[in-house]
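The values are calculated or read from the model by the stated rules, or taken from the named source; none is laboratory data. Note that this is a predicted model, so its numbers are computed, not measured. Note that each Cβ is placed from the backbone with ideal geometry, even for glycine, and that neighbours are counted across all protein chains shown. Ligands, DNA and RNA are stripped out before the accessible areas are found, and what is left, the full protein with its side chains, is counted by its heavy atoms. Shrake-Rupley method; radii C 1.70, N 1.55, O 1.52, S 1.80 Å.
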Amino acid sequence: MSAMVRHPVLLAVLVLLGLSLLCVAIGAPISLVTQIAIYTLYGAGVCLLVSYTGLVPFGASVFFGCATYATAFAMLHGVGNEIVALALAIVFSLLLAAVIAAIILRRRGLYFSLLTLAFSQIAFEVAFKWTEVTGGENGLQGVPRPLFADQWSFHIFTVITVAAGLGLLWRLAHSPFGRSLQALRDNEQRAQSLGYDTFRLKFASFVLMGGFIGYSGGLLSLMLRGAYADNLSWQHAGDSLLMAVLGGVHHFLGPLWGAIAFILLEDRLSALTESWWLIFAPIVILFALASPEGIQGLAFRLRRRTDWTLTRGGIPARPEKIGPYLAAHTQLDPSKPILTVRKLNKRFGSLVVATDVDLEVHPHRLHSLIGPNGAGKTTFFNMLTGILLPSSGTIIFDGHDITSLPVHRRIRLGLSRSFQILSVFPNLTTFENVRVAVQAKDKCRWGLWRDAYAYDDLNDRTWSLLAAVGLEDHAGDACANLSHGRRRLLEIAISLATDARLLLLDEPLAGLAEVDRQVVGALIRKLADTHAVLLIEHDIDRVLALSDRISVLHQGRLIADGAPAEVAANPDVVTAYLGGERIAPSLMPAEREASSVAVAPILAVEKVRAGYAGSMVLEDLSMIVHEGEAVALLGRNGVGKTTLLRAITGTVRCGGGSIRLGDADITGARSYEINRKGISLVPEGRRLFPNLTVLDNLRLAMRQGGASLDEVFALFPKLAVLQRSKAENLSGGERQMLAIARALMVPAKLILLDEPFEGLAPAIVNEVTEALARLRGRVAMVIVEHHAEAVLPLVDRAYVLVNGRVAFEGTAKALAEDAELQARLLGIVHSEAA
């Protein structure tokens, strides 16, 4: 019963009923509430595209306005009743939407938005100037309304049918199709890589939007008893979008609150002055600045809520016993290659990234592809999956030539992949991330009516996958609130969900703690018994231990291919991939221990509590960093390391405690203020500006007192060579160098580095390590890293976190020499101890 009371459609009906009674009480015309109901459905139809699909139409009025004319034409030319006319308006709008969608959906972003506006303006010009058909500026008047002759009967009909329309939209949002749209909104490339035909999804969403808006336009024509061109003009093209944003675009009832505010303000202000927009516009601007999440978002913020209400909360009940994950049995002949690549080449202008690559991958084997950063490994994966088309060569998968096939068709043939840079659906729960991937291979994915959570077989498969990677206890968490390591585990579960025959895993162990690396490594090895697995990974020891075959890519060419022992002994591989011996920092921690205590603390974190969405991650955590000191922040996945960095930089608000930078209290300060006071961040995932060059990325961060271009180029000579290259074309190692260099352009007293060695080849790790070693003493550093053995030789002191609290604080030397402590707190088991 309580769930029924909270149902948004019932709430909308109660609000409209309350407004109707209010109109009676104050003597206001009931048509005002009728108009609110019509515009609520209009805005909700637009939100199907904006909120659920991620497309923004500036000209959805083309369907609204054209439907008014379609209804008026029908009623004026022989259709006997309003219901038939409204049905014709819906059919007309669906057909019109299909034609427009076929033309414009190949365009994205601003181009898509402007094209919808262009169609609306074209329709306006036709309606305004084709006087003999449309009535021109006078429109079509005198539309009969025989079934609902009086205002109250039409008002009741409108409220009932609008409620039915909202109910259909709510049902649609929870259907497999609606859930697919939400995945598309969050990450189109990831949705494609699961086998979804994203064009068809957008096409269907666009057409359905046209139908809902068409019905609301038909209702307006009957309410006004006419059709007028001004509903198509550019002045009114954005009305529905404005209402949705004003009410809250991330809330199902946002269009209702927006329609109420818009129509009532228009009614009251237009009674005061013809130039009512001059008053209305500043109100909208001020409200948008004060509450970007709209009216409902403001109400939620006052109640300390940040969640969206596009769908109901919660996930399917967890089974009492979760079944084990069992890979789908695949009938594959191990003697025949499932993937054959011949003479594959790829060029970006004069830049050659793949040259005559020949490769065969056999079933039931773990085939690893290794090489230094920038060798072309991820580019090779992108060509295999269709994200990039090769310049020449052929790709044969299971007997099919897939060289020119689109991404979703390759996936449906039996490919699956993970991504080097985390690619998940951030606004969905952990459970829904995996469930929507499981759903991708099921015929129910196009279902429009049945609730997506009613498919028990898909739910059970989802729970099994979550348990396989250890995320079953976090199934209800928002993906955006997961730690980096848990998101990496989530992506692995997503990649396994499609039951592919060939798994392409791009650095699946990057960012994982040692315990999780062992679990995931064992899972990958087990998968190779039933699948073909092609693995990119920089953990060379684990690659050698797990692989059946290894291929080595260097500068776009295969330089070695064979058994692990054979490849490991190849001198060309050692030179290209491993580089020289690890470069020891020029200043060892032991030499600095005495001096580090004497200098003043640059950062003091005292009893800080912080977390996400009401859940505390850090509990009374304290930490001190001295001037010029290097400190390691260690711990397993999800213990709060990244949350602490976010609290220090102001992107996560503290629920208690204080943070001081020198003498300044920065608790609660804004991120840009903290940065200007002297804290610079090298974030996980690098977060560069992909469409800007290396030089432009550096210049954006440059401020007086920071490092000069010459200094950062001396620290990272490779960046000087690549300074005209776009960041999106850099390898993982080059991106990490750029991220560190960008942080140095700020006059920083303290640099926070979140996983600086993640996804880097040993040779690149050496380069980054040497660069950080040269920075020691010049600037204080806090380094978050999973690999204790990589960072402890570089730092003076270390903190180890367990469940949001400090479990160890001491010198790096003491932690490095205590194998038992490392095993207990970090899960690291040394070979001597084993």
| At a Förster distance of 51 Å, what's the computed FRET efficiency of residue 789 paired with residue 236, Cβ-Cβ distance as r, to 0.05? | 0.20
| request: Quick one: check the C-alpha center-to-center distance for segment 358-432 versus segment 732-809, whole angstrom. | output: 31
| message | Going by average Cβ density within 10 Å per residue, which order do the peptides 176-185, 396-405 take, highest to lowest? | response | 176-185, 396-405
| field | Partner aspartates and glutamates for residue 726 [C-alpha distance under 14 Å; skip if fewer than 8 residues away on the same chain] | value | 696, 734
| task | Rounded to the nearest 500, what is the 222 nm mean residue ellipticity of the chain from helices alone, with -39500 (n - 2.57) per DSSP H run of 4+ residues and division by all residues? | result | -14500 deg cm²/dmol
| query | How much accessible area does residue 407 have with a 1.4 Å probe, in Å² rounded to the nearest 10? | reply | 20
| field | Those trypsin sites (Lys or Arg not before Pro) in segment 734-822 that DSSP places in a loop and that have at most 15 other beta carbons within 10 Å | value | 778
| message | Tell me which of 528, 508, 551 sits at the most positive position along the dipole axis of segment 497-552, charges placed on C-beta atoms (Lys, Arg +1; Asp, Glu -1). | response | 528
| query | Can you give the relative contact order of the chain as a percent, counting alpha carbon pairs under 8 Å and 6+ residues apart? | reply | 12
| Binned Cα-Cα distance frequencies in segment 2-137 - 5 Å width, integer % | 2, 9, 13, 16, 17, 16, 13, 9, 4, 1, 0, 0
| query | For segment 81-203, max minus min Cα coordinate along each principal axis, in Å, sorted largest first? | reply | 54, 36, 19
| request: Rounded to the nearest 10 degrees, what's the angle between the helix 61-76 long axis and the longest principal axis of the chain, both from Cα atoms, 0 to 90? | output: 30
| remark: Most packed first (mean Cβ within 10 Å per residue), the peptides 424-432, 560-568, 297-305 order as 424-432, 560-568, 297-305
| query | For segment 481-531, with only Lys/Arg (+1) and Asp/Glu (-1) charged at the beta-carbon, what is the dipole magnitude about the Cα centre, in debye rounded to 20? | reply | 80
| field | For residue 75, solvent-accessible area (1.4 Å; no DNA, RNA or ligand), Å² | value | 10
| request: Using only Cα positions of segment 711-834, each an equal point scatterer, no hydration layer, compute I(q)/I(0) via Debye at q = 0.11, 0.12, 0.20, 0.21 Å⁻¹ and quote the log10 values to two decimals. | output: -0.44, -0.52, -1.17, -1.25
| Where the only charges are on Cβ atoms (+1 Lys, Arg; -1 Asp, Glu), what is the dipole of the chain about its Cα centre, to the nearest 20 debye? | 1100
| request: Output the peptides 437-448, 187-198 sorted from most to least packed, where packing is the average of other Cβ atoms within 10 Å over each peptide's residues. | output: 187-198, 437-448
| task | Write down the accessible area per residue of segment 708-795 in Å², having rolled a 1.4 Å probe over the full set of protein chains. | result | 29
| note | Counting only DSSP beta bridges with both partners in the chain, the antiparallel fraction in percent, to the nearest 5, comes to 55
| remark: Taking Cα atoms, the helix 8-26 axis meets the longest principal axis of the chain at an angle in degrees (rounded to 10) of 40
| query | Which three semi-axes in whole Å describe the equivalent ellipsoid of segment 238-313, each the square root of 5 times a Cα gyration tensor eigenvalue, listed largest first? | reply | 25, 12, 9
| task | Give me the percent of the accessible area of the chain that comes from carbon and sulfur atoms, probe 1.4 Å, all protein chains in place. | result | 58
| query | Any idea what % of Cα-Cα pairs in segment 325-393 are farther than 21 Å? | reply | 35
| note | Here the gain from full extension of residue 449 to residue 563, 0.36 nm per residue of separation minus their alpha-carbon distance, amounts to 35.8 nm
| query | With each pseudo-label sitting 7 Å past Cα toward Cβ, what's the residue 160-residue 802 distance in nm, one decimal? | reply | 6.6
| Alpha carbon convex hull of segment 191-283, volume per residue in cubic angstrom | 142
| remark: Nearest 10, in degrees from 0 to 90: the angle of helix 277-290 to the longest Cα principal axis of the chain is 30
| Taking +1 at the Cβ of each Lys and Arg and -1 at the Cβ of each Asp and Glu, which of 299, 345, 374 sits farthest along the dipole of segment 285-388 towards its positive end, judged by Cα position relative to the Cα centre? | 299
| request: Only Lys, Arg, Asp and Glu count, each charged at its Cβ (+1, +1, -1, -1), so figure out the dipole size of segment 196-344 about its Cα centre, rounded to 20 debye. | output: 840
| remark: A student asked for the Cα radius of gyration and Dmax of segment 100-146 in angstrom ought to give 15.1, 44
| task | Give the residues of segment 95-119 whose amide nitrogen is closer than 15 Å to a point set 7 Å from the Cα of residue 199 in the direction of its Cβ. | result | 99-108
| remark: Between the residues 715, 251, 70, the Cα farthest towards the positive end of the dipole of the chain, that dipole coming from +1 and -1 charges on the beta-carbon of Lys, Arg, Asp and Glu, is from 70
| With every protein chain present, what accessible area does residue 642 have (1.4 Å probe, heavy atoms only), rounded to the nearest 10 Å²? | 30
| Length gain on complete extension for the stretch residue 473 to residue 17, per 0.36 nm per residue less the alpha carbon to alpha carbon distance? | 159.9 nm
| request: Any of 321/526; 343/377; 346/377; 377/641 with alpha carbons more than 18 Å apart? Name them for me. | output: 321/526; 377/641
| In square angstrom, what is the accessible area per residue of segment 304-462 with a 1.4 angstrom probe? | 46
